Amino acid sequence: MEAFPVVDLSQINGEKRGAAMEKINDACENWGFFELVNHGISHELMDTVEKLTKEHYKKCMEQRFKEMVANKGLEAVQSEIHDLDWESTFFLRHLPVSNISQIPDLDEDYRKVMKEFAVELEKLAEQLLDLLCENLGLEKGYLKKAFYGSKGPNFGTKVSNYPPCPKPDLIKGLRAHTDAGGIILLFQDDKVSGLQLLKDGQWIDVPPMHHSIVINLGDQLEVITNGKYKSVMHRVIAQPDGTRMSIASFYNPGDDAFICPAPALLEKETEKISAYPKFVFDDYMKLYSGLKFQAKEPRFEAMKAMEFTVNLDPVAIV
């Protein structure tokens, strides 16, 4: 079986640049995921983020999760559960406006570190979008601009812990889905595994690696690349022992960003026909929220059908 793609980002600045770029391109076309090492974010910062996230879970989240499990009688389930995930989460928003100061229960040093980490991840996301532009033959900055809208991108972090699960065969940590947004940067536990992606009809483990950042592509990049790059189904398997930490940061288009296949990529197609819809990002999110755990294709079809019923504002397209 092919090895999971691991990219050493430091090679982008040396004589191995060509091979690294090719590896990124192949991962985007055939996996929808790749793992980054030497990505430029300090290991010391990552260690602090991990330590404070695990402390915060123990102090503020663990008991709440246990009470939820007890209330729902989840320890005694006999058949597969399809309507919830075995995860404990909270969300931080960084852009366009941060809400970190409003989140209850966060220690001051944890707030500070998560802000610092978000700044580093934002830089990395934008660097990666430009590398994708280069591989796609799009002008530098095209994807950042496509995501920008009138207020800049939406950028936020989902902080999750997946506690030990007594019935991992009946309850998923997180049910299978593709991500709705743009590019996702994941800092995951390097000891407790669980993340899997679907490739060629088989579930494949995303290997936990110390100090790596896992990258995956969301539905918006599939649309903008007219299907050259794919967003891929993935899930989290609950584990019988060990709590898995997952810090996923989503660099997404702004609410009013107009998303459509890049004209330069359509020109390269002989047909000049897009199989993909054109839409305003927020409209897609409204649809996605009800259909997250279903296949993405019907979402694309629904957005395409809306094109003919909604007169798109031509100003938004510029």
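The values are calculated or read from the model by the stated rules, or taken from the named source; none is laboratory data. What you are looking at is a predicted structure, and each value in this text was computed from that prediction instead of being measured. Note: ideal-geometry Cβ built from the backbone for every residue, glycine included; neighbour counts use all protein chains shown. Ligands, DNA and RNA are stripped out before the accessible areas are found, and what is left, the full protein with its side chains, is counted by its heavy atoms. Shrake-Rupley method; radii C 1.70, N 1.55, O 1.52, S 1.80 Å.
Here are the numbers for this structure:
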| read-out | value |
| --- | --- |
| Relative pair counts by distance (%), Cα atoms of the stretch 29-160, 10 Å bins | 9, 30, 30, 22, 8, 1 |
| Interchain or long-range residues, amide H under 5 Å from residue 195's placed H | 206, 237 |
| Label of the coordinate-derived value, Rg and Dmax of the Cα atoms in Å, listed as (i) 19.7, 58; (ii) 18.5, 57; (iii) 19.3, 64 | (i) |
| Gaussian network model of the chain, springs between alpha carbon atoms under 10 Å - residue of 56, 82, 211 with greatest fluctuation | 82 |
| Those GluC sites (Glu not before Pro) in the stretch 237-299 that DSSP places in a loop and that have at most 10 other beta carbons within 10 Å | 271 |
| Virtual spin-label span in nm between residue 140 and residue 286, 7 Å along Cα→Cβ | 3.9 |
| Extension gain from residue 264 to residue 148, taking 0.36 nm per residue of separation minus the Cα-Cα distance | 39.9 nm |
| Under the span-like rule (Cα at least 30 Å along the axis, Kyte-Doolittle mean at least -1.0), DSSP H helices of the chain | 108-136 |
| Accessible surface of the chain [probe 1.4 Å, protein heavy atoms]: carbon and sulfur percent | 53 |
| Where GluC sites (Glu not before Pro) fall in DSSP loop in the stretch 44-135, at most 13 other Cβ within 10 Å | 80 |
| Residue 67/residue 175 FRET efficiency (R0 25 Å; Cβ-Cβ; nearest 0.05) | 0.70 |
| Coil-residue trypsin sites (Lys or Arg not before Pro) of the stretch 74-166, DSSP, other Cβ within 10 Å capped at 14 | 140, 151 |
| Pairwise FRET efficiency - residue 202 versus residue 38, Cβ, R0 = 25 Å, nearest 0.05 | 0.30 |
| Label-to-label distance, nm, for residues given as residue 58 and residue 295 (7 Å Cα→Cβ offset) | 4.6 |
